[in-house]
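Structure first, commentary second.
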Amino acid sequence: MENVVLTIHLILALLLIGVVLLQRSEGGGLGMGGGGGGGGVMTGRQAANALSKLTWIFAIGFIMTSVSLTVLAARNASTASVVDTGLPETTAPVVPLLPELTLPALPSDAPATPPPAN
């Protein structure tokens, strides 16, 4: 259920971004249509009204999915705090123990450094 709502939420977010970018700003921006050119199916005012209605629809849907995702997350959350739960009890050591390593004994007259390479 949460994945379905999240998918719808992401689609609405992308649609909302697209519709907002298509709208005509005061400076012209990325707005499509409008202007002085005629011959289109919709006039500039009709396109602006349709895009603003789509913006409102997508924004309301986005807010509704945001609230529903919050409710779903709150329902699945546990009531205990992370601090109250503490660390889980472990019986095995966290770091695996390494086998005991023993170095071979050096003769007393052997140098402590490796011999030079030839």
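Residues checked against (1) modelled with pLDDT of 75 or more; (2) in a loop (DSSP other than H, G, I, E, B); (3) of a type in the set (Val, Ile, Thr); (4) within 30 Å of residue 16 (Cβ to Cβ):
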| site | (1), (2), (3), (4) |
| --- | --- |
| 48 | no, no, no, yes |
| 51 | yes, no, no, yes |
| 59 | yes, no, no, yes |
| 73 | yes, no, no, yes |
| 83 | no, no, yes, no |
| 102 | yes, yes, yes, no |
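Out of all the residues in segment 19-27, is one or more assigned to a loop (DSSP other than H, G, I, E, B) and at pLDDT 70 or above? It would help to see each step written out before you state the result.
Here is the first cut: in segment 19-27, the ones assigned to a loop (DSSP other than H, G, I, E, B) are 23-27.
Next, only the ones that are at pLDDT 70 or above stay: 23-24.
Scanning segment 19-27, I find at least one residue that is assigned to a loop (DSSP other than H, G, I, E, B) and at pLDDT 70 or above, so the answer is yes.
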Review point. If residue 55 passes every condition in (1) of a type in the set (Val, Ile, Thr); (2) at pLDDT below 70; (3) surrounded by 10 or more Cβ atoms within 10 Å (Cβ to Cβ) but one, which one does it miss?
Key: (2)
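The values are calculated or read from the model by the stated rules, or taken from the named source; none is laboratory data. What you are looking at is a predicted structure, and each value in this text was computed from that prediction instead of being measured. A quick note on method: Cβ atoms are made from the backbone with ideal geometry, for glycine too, and the neighbour counts reach across all protein chains shown.
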